[in-house]
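K.L.:
I'd like to ask you about the structure that follows.
The values are calculated or read from the model by the stated rules, or taken from the named source; none is laboratory data. Please read all numbers here as calculations on a predicted model, not as lab measurements. Quick reminder, even Gly has a Cβ in these numbers, built from the backbone with ideal geometry, and neighbours come from all protein chains shown. To get the accessible areas, we keep the full protein, side chains included, count just its heavy atoms, and leave off ligands, DNA and RNA. Shrake-Rupley method; radii C 1.70, N 1.55, O 1.52, S 1.80 Å.
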Amino acid sequence: MSHQESPARDRLKAAGLRVTAPRIAVLDWLAEHPHTTADQVATGVRRRLGSVSTQAVYDVLGACAGADLVRRIEPAGHPARFETRTGDNHHHLVCRVCGRTEDVDCVHGSAPCLEPSGTAGFQIDEAEVVFWGRCPDCARKQENPPRQGRDSA
């Protein structure tokens, strides 16, 4: 898909952001690779565009997050990850071992999905829930650890 045909172009325009090749490349990359780190995004964007600085990618991610085109999630103990799925108050499953992150839709009610027992005067507009565990690959590895070969020395 060319930059002229990219849905990212329309999203950038609708958000009032300048349409640039790095912004389009970042949004296109994230649409195809959700929950990736800034470094992973930079690597993917460089494959598409050639030379793009890491700082430029961080700047694009920041501008797009500020315009609600990108959501930044920060699972404890793992680098920040980015995705283009915004505005629907979905939650995440995060593997404690490898950091794999998957979306999980809000199960009950409308946003926010959860209501706190008290609000301390806050006007609640979002609930963030992270489910922690082990992904299927890491669980399988833990159940079937690799066998150690005999020392032949």
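K.L.:
Skip the ligands, DNA and RNA, and give the accessible area per residue of segment 45-90 with a 1.4 Å probe, whole Å².
P.N.:
Each residue of segment 45-90 exposes 50 Å² on average to a 1.4 Å probe.
K.L.:
Would you list 83, 102 from the most to the least accessible area, probe 1.4 Å?
P.N.:
102, 83
K.L.:
Follow-up. Magnitude of the Cβ-charge dipole of segment 11-70, K/R +1 and D/E -1, about the Cα centre, nearest 20 debye?
P.N.:
220 debye
K.L.:
Placing unit charges on C-beta atoms (Lys and Arg positive, Asp and Glu negative, everything else neutral), compute the dipole magnitude of the chain about its Cα centre in debye, rounded to 20.
P.N.:
In total the dipole reaches around 700 debye.
K.L.:
Sticking with this structure for a sec: When the accessible area of the chain is computed with all protein chains present and a 1.4 Å probe, what percentage of it is carbon and sulfur?
P.N.:
In the chain, the share of accessible area belonging to carbon and sulfur is 48 percent.
K.L.:
Could you check what % of the DSSP bridge pairs in the chain are antiparallel, to the nearest 5?
P.N.:
The antiparallel proportion sits near 65 percent.
K.L.:
Hey, of (1) 76, 39, 21; (2) 64, 51, 25; (3) 64, 35, 32, which did the structure itself give for Cα extents along the principal axes in Å when calculated?
P.N.:
(2)
K.L.:
Do the sum for the chain: with -39,500 (n - 2.57) for every DSSP H run of n ≥ 4, divided by all residues, what is the mean residue ellipticity at 222 nm, to the nearest 500 deg cm²/dmol?
P.N.:
Only helices count here, giving -10500 deg cm²/dmol.
K.L.:
Put +1 on the Cβ of every Lys and Arg and -1 on every Asp and Glu Cβ in the chain; which of 37, 62, 132 then has its Cα farthest towards the positive end of the dipole?
P.N.:
37
K.L.:
Quick one: net charge of residue 115's neighbours, Cβ under 15 Å, K/R +1, D/E -1?
P.N.:
-3
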